[in-house]
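**Q** Supplied in structure tokens, the structure appears directly below.
The values are calculated or read from the model by the stated rules, or taken from the named source; none is laboratory data. These numbers were taken from a predicted model, which means no experiment stands behind them. Ideal geometry is used to build each Cβ from the backbone, glycine not excepted, and the neighbour counts take in all protein chains shown.
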There are 2 protein chains.
Amino acid sequence: MNKKIITISREFGSGGRTIGKQLAEKLGIPCYDKELIEKLAEQTGLAKKYIEEQGEYAPSTSPFSYAFVGRGVNGLSISDYLWNEQRKKIQELAQKEACVIVGRCADYVLRDRKDVLNVFIHAPEADRARRIVEVYGETDTEPKKRLREKDKKRAINYKYYTEQEWGKADNYHLTLDSSLFGIEGCVDLLYHILTDKGQD
Amino acid sequence: MNKKIITISREFGSGGRTIGKQLAEKLGIPCYDKELIEKLAEQTGLAKKYIEEQGEYAPSTSPFSYAFVGRGVNGLSISDYLWNEQRKKIQELAQKEACVIVGRCADYVLRDRKDVLNVFIHAPEADRARRIVEVYGETDTEPKKRLREKDKKRAINYKYYTEQEWGKADNYHLTLDSSLFGIEGCVDLLYHILTDKGQD
């Protein structure tokens, strides 16, 4: 299949980030997730933690979000400023090289390119709740509540900037339930799809 | 992969029905679509055309839907009566043998079984509009309008009986854009998933 960019959108706790990373390794191409955050931090001067959270979460419409940058960034809120910088960086990366991009509405940002495979990874709530405790440890907040809060923020962010419904099959070429296929199974299947000579 | 029942849900014009049929042939198992309608017609005495349309479309809540069966079928509307019979028939088929079942909320009906792979096939509107003209011919109604009407009815029917959103990735193990993979590509990929010895 003639696709050089793979975007991975994912429900929190579904293993989508790990799948993206392992797929990129197997394909021998870079995976932009934390690396994208670092590049944006250098470029915008915003804190990594802020980019990590706000780059995918519900946009702030509070007047304070303007106040903190003194309305100095072309009159944009920090959320909109970050969205613009993130969009430009994603387009630049896709133009430069074959890569995997995790999250950050990359499917939508790159919608005009023909060389992009858009993937969405999800899993039932119970499986994701178990996984986030294994991977990120316990917190004071109950796991299912953590999932719902994170996914709700991602969905609102996606809707706000793309006017599409997050997690709707129509927005992706392929969606996979990682609880059925497993992390490795998802990586293998995507690798099979991307490299199978029989398909284009 | 240890799945013996495959349910195929699909957007109108996406080729999902054809994919289901070809996959079943390749696996050497029956595909229930028209065959299911015929069985239901025998069993219920309802016309095939009625079952074909109403079994997947928006439920009728008109008092006439009761009047036609004289409120005689345990006081159910024809829609609810058909839903019940359809549900029982799908459960019976799944119990009996490995098979592919196209449409009719089979994913939801069989949700308690562990041996079911739920697939959703979709494609962009422009591709589906082209396909329905090729497959079903022209009608007085503009193709995109035909698509939207059919899909809207399917979505309402699904929501009414399952309380889930039709076409949302979460409801399926796998969703595929048939305009990218092609009919044959979808069949091959599903066959690969179902028969690959490396996965379970």
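Results for (1) assigned to a loop (DSSP other than H, G, I, E, B); (2) within 16 Å of B:Cys105 (Cβ to Cβ); (3) not acidic (Asp, Glu), shown as yes or no for each residue.
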position: B:Arg146; (1), (2), (3): no, no, yes
position: B:Glu149; (1), (2), (3): no, no, no
position: B:Arg154; (1), (2), (3): no, yes, yes
position: B:Glu184; (1), (2), (3): no, no, no
position: B:Asp188; (1), (2), (3): no, no, no
position: B:Tyr191; (1), (2), (3): no, no, yes
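**Q** Still on this structure: If you go through region B:110-137 one residue at a time, how many are farther than 21 Å from B:Ser179 by Cβ and over 16 Å from the mean Cα position of the chain (by Cα)?
**A** 4
**Q** From the set of residues in region A:160-173 that are in contact with an Asp or Glu (Cβ under 7 Å, 6 or more places away or on another chain) and not in a helix (DSSP H, G or I), which is modelled with the lowest pLDDT?
**A** Looking only at region A:160-173, we keep the residues that are in contact with an Asp or Glu (Cβ under 7 Å, 6 or more places away or on another chain), and these are A:167, A:171-173.
Imposing the further condition that a residue be not in a helix (DSSP H, G or I) reduces the set to A:167, A:172-173.
Details: A:Gly167: 92, A:Tyr172: 96, A:His173: 97.
Only one residue tops the list, namely A:Gly167.
**Q** Quick check, is B:Gly45 modelled with pLDDT under 80 and more than 15 Å from the chain's Cα centre (by Cα)? Walk me through how you get there before you give the answer.
**A** Working: modelled with pLDDT under 80: yes; more than 15 Å from the chain's Cα centre (by Cα): yes.
Here the answer is yes, as B:Gly45 does meet what is asked.
**Q** Could I ask something else about it? Evaluate the following for A:Leu36: is it more than 11 Å from the chain's Cα centre (by Cα), within 28 Å of A:Ser179 (Cβ to Cβ) and buried (at least 16 other Cβ atoms within 10 Å of the Cβ)?
**A** Working: more than 11 Å from the chain's Cα centre (by Cα): no; within 28 Å of A:Ser179 (Cβ to Cβ): yes; buried (at least 16 other Cβ atoms within 10 Å of the Cβ): yes.
No, not satisfied.
**Q** Here is a further query. When region A:83-116 is examined, which residues are found to be among the charged types (D, E, K, R), more than 14 Å from chain B (Cβ to nearest Cβ) and surrounded by fewer than 16 Cβ atoms within 10 Å (Cβ to Cβ)? Full working, then the answer.
**A** Taking region A:83-116 and keeping what is among the charged types (D, E, K, R), we get A:85, A:87-89, A:92, A:96-97, A:104, A:107, A:111-115.
Now drop any that are not more than 14 Å from chain B (Cβ to nearest Cβ), which leaves A:85, A:87-89, A:92, A:96-97, A:104.
Of everything in region A:83-116, those that are among the charged types (D, E, K, R), more than 14 Å from chain B (Cβ to nearest Cβ) and surrounded by fewer than 16 Cβ atoms within 10 Å (Cβ to Cβ) turn out to be A:Lys88, A:Glu92, A:Lys96, A:Glu97.
**Q** Scan (1) over 20 Å from A:His173 (Cα atoms); (2) modelled with pLDDT under 95; (3) charged (D, E, K, R) for the single condition A:Lys3 breaks and write down its number.
**A** With respect to (1) over 20 Å from A:His173 (Cα atoms); (2) modelled with pLDDT under 95; (3) charged (D, E, K, R), A:Lys3 is out only on (1).
**Q** To continue, here is another question. Being of a type in the set (A, V, I, L, M, F, W, C), more than 9 Å from chain B (Cβ to nearest Cβ), crowded, with 20+ Cβ neighbours inside 10 Å and assigned to a strand (DSSP E or B) is the requirement here; does A:Val119 meet it? If you could, list the steps in order and put the result at the bottom.
**A** Numbers: of a type in the set (A, V, I, L, M, F, W, C): yes; more than 9 Å from chain B (Cβ to nearest Cβ): yes; crowded, with 20+ Cβ neighbours inside 10 Å: yes; assigned to a strand (DSSP E or B): yes.
So A:Val119 passes the test.
**Q** If you take the residues in region A:149-188 that are surrounded by fewer than 17 Cβ atoms within 10 Å (Cβ to Cβ) and more than 13 Å from chain B (Cβ to nearest Cβ), which one is nearest to A:Asp115 (Cα to Cα)?
**A** A:Thr162
**Q** A follow-up question, please. Within region B:54-74, is there a residue that is part of a helix (DSSP H, G or I), of a type outside the set (Ser, Thr, Tyr) and either under 28 Å from B:Leu174 (Cα atoms) or at pLDDT 90 or above (or both)? Even if it seems obvious, please write down each step before you answer.
**A** Taking region B:54-74 first, the residues part of a helix (DSSP H, G or I) are B:54, B:64-67.
The next check asks that each one be of a type outside the set (Ser, Thr, Tyr); those that pass are B:54, B:64, B:67.
Still in the running and either under 28 Å from B:Leu174 (Cα atoms) or at pLDDT 90 or above (or both): B:54.
Yes, region B:54-74 contains at least one residue that is part of a helix (DSSP H, G or I), of a type outside the set (Ser, Thr, Tyr) and either under 28 Å from B:Leu174 (Cα atoms) or at pLDDT 90 or above (or both).
**Q** Looking for something touching a Gly at 6+ places or on another chain (Cβ under 6 Å), within 12 Å of chain A (Cβ to nearest Cβ), modelled with pLDDT under 90 and under 20 Å from A:Met1 (Cβ atoms) - is there at least one such residue anywhere in region B:191-200?
**A** Step one: list which residues in region B:191-200 are touching a Gly at 6+ places or on another chain (Cβ under 6 Å), which gives B:199.
In the following step, the residues that additionally are within 12 Å of chain A (Cβ to nearest Cβ) were identified as B:199.
After this cut, where a residue has to be modelled with pLDDT under 90 as well, the list is B:199.
This time we only want the ones that are under 20 Å from A:Met1 (Cβ atoms), so: B:199.
Yes, region B:191-200 has at least one match.
**Q** Say we look at region A:131-142 and pick out the residues that are free of Cβ contacts under 8 Å to residues at least 24 places away in the same chain and either outside any helix (DSSP H, G or I) or surrounded by 15 or more Cβ atoms within 10 Å (Cβ to Cβ) (or both); which of these is farthest from the other protein chains (Cβ to nearest Cβ)?
**A** A:Asp140
**Q** Another question, then. Among the listed residues B:Lys168, B:Lys153, identify the single one that is within 22 Å of A:Gly167 (Cα to Cα) and without any contact (Cβ under 8 Å) to a residue 60 or more places away in the chain. Steps first, please.
**A** Values: B:Lys153 fails: without any contact (Cβ under 8 Å) to a residue 60 or more places away in the chain.
On inspection, the qualifying residue turns out to be B:Lys168.
**Q** For region B:107-144, what are the residues that are polar (S, T, N, Q) and closer than 30 Å to B:Gln95 by Cα? Break it down into steps so the answer makes sense when it comes.
**A** So in region B:107-144, the residues polar (S, T, N, Q) come out as B:118, B:139, B:141.
B:Asn118, the sole residue that qualifies.
**Q** What are the residues in region B:160-178 that are of a type outside the set (Val, Ile, Thr) and touching a Cys at 6+ places or on another chain (Cβ under 8 Å), if any? Steps first, answer last, please.
**A** Just the residues of region B:160-178 that are of a type outside the set (Val, Ile, Thr), to begin with: B:160-161, B:163-174, B:176-178.
Answer for region B:160-178, where residues must be of a type outside the set (Val, Ile, Thr) and touching a Cys at 6+ places or on another chain (Cβ under 8 Å): B:Tyr161, B:Leu176, B:Ser178.
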